[in-house]
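Only one structure is covered here, and it is reproduced in the block below.
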Amino acid sequence: MSPTGRFITFEGIDGAGKTTHLDALEQAWRQAGHEVVRTREPGGTPLAEKLRGLFLHDAMDPLTEALLVFAGRRDHLQQVIEPALARGAWVLCDRFTDATFAYQGGGRGFDLNVLGTLEHWVQAGRQPDLTLLFDLPPAVAAARLSAARQPDRFEAQDQAFFERVRATYLARRAAQPERFVLIDAARSPADVAEQIRLAMVERGLA
Ligand code: TYD
């Protein structure tokens, strides 16, 4: 029997507090003896990390933005994600294609059908096994982002942009309820950690 890995993604608006919980889950899985590949998008390979720099900081039109992020995703899937899953690793990815639908589709208003076509070409049917969606009101998320931080092109957007991003994430979840776990990210870090722990136990991913 060939090994099958697990592909888990974390999603949510900027300031939702994903990082602490990604760190904790990565550590828990390592302690349980799994091979863990922790990665992120945009990025995850040398080429895709170069594209990330352009994507986050250079002005461009929405189609260019979508093509760049999918170009990086193609490389990431081929170089890192697919080989890891084939050897049975557990892949933990900070953002994936749901972010493209939410930010480029919802936030920027780019055509969701075109994004669906790109998703189909680039991913050849690959989808995360499970997606943790960190959900909270944009005003709460904005207050959490450090004032000292130099915002990238997305973090610099106004609250209405993040309302659209949030609504699009929630619509993705409504369309594919079995793939998503909704995390109430407005709660305390301890409470969020417990929501994640329970979701993982329920799905045999603890
Ligand atoms: P992230 O790595 O979460 O930011 P940071 O490391 O600064 O916390 O994500 C980078 C930004 O890119 C984030 O604002 C969301 C955006 N993004 C898109 O617009 N489309 C995408 O497909 C992805 C993966 C991210």
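Please pick out the residue among His120, His76 that is modelled with pLDDT of 95 or more and surrounded by fewer than 17 Cβ atoms within 10 Å (Cβ to Cβ). Show your work before the answer.
Values: His76 fails: surrounded by fewer than 17 Cβ atoms within 10 Å (Cβ to Cβ).
Within the list His120, His76, the selection yields His120.
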Q | Count of the range 21-44 residues which are more than 15 Å from the ligand (Cβ to nearest atom) and not in a helix (DSSP H, G or I) | A | 6
**Q.** Cross-chain or 6+ apart pairs with Cβ under 9 Å, the range 11-40 first and more than 30 Å from Ala167 (Cβ to Cβ), then within 16 Å of the ligand (Cβ to nearest atom) and assigned to a helix (DSSP H, G or I)
**A.** Val36/Leu25; Val36/Glu26; Val37/Val80; Val37/Ile81
Q.
I'm trying to understand the selection: among the residues of the range 121-176, which are over 15 Å from the mean Cα position of the chain (by Cα) and of a type in the set (Lys, Arg)?
A. Arg144, Arg149, Arg153, Arg164
Q. Restricted to the range 45-64, and to residues that are under 16 Å from Arg95 (Cα atoms) and in contact with a helix residue (DSSP H, G or I) (Cβ under 6 Å, 6 or more places away or on another chain), which residue is nearest to the ligand (Cβ to nearest atom)?
A. Phe55
Q.
Being loosely packed, with under 15 Cβ neighbours inside 10 Å and acidic (Asp, Glu): is that true of Asp94 here?
A. no
Q. If you scan the range 158-197, which residues turn out to be out of contact with any strand residue (DSSP E or B) (no Cβ under 9 Å at 6 or more places or on another chain), under 26 Å from Gln31 (Cβ atoms) and not hydroxyl-bearing (Ser, Thr, Tyr)?
A. Arg187, Pro189, Ala190, Ala193, Glu194, Arg197
Q. Within the range 69-106, restricting attention to residues that are within 12 Å of Thr39 (Cβ to Cβ) and in a loop (DSSP other than H, G, I, E, B), which residue is farthest from the chain's Cα centre (by Cα)?
A. Ala89
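The values are calculated or read from the model by the stated rules, or taken from the named source; none is laboratory data. What you see is a predicted model; the values in this text were computed from it and never measured. A quick note on method: Cβ atoms are made from the backbone with ideal geometry, for glycine too, and the neighbour counts reach across all protein chains shown.
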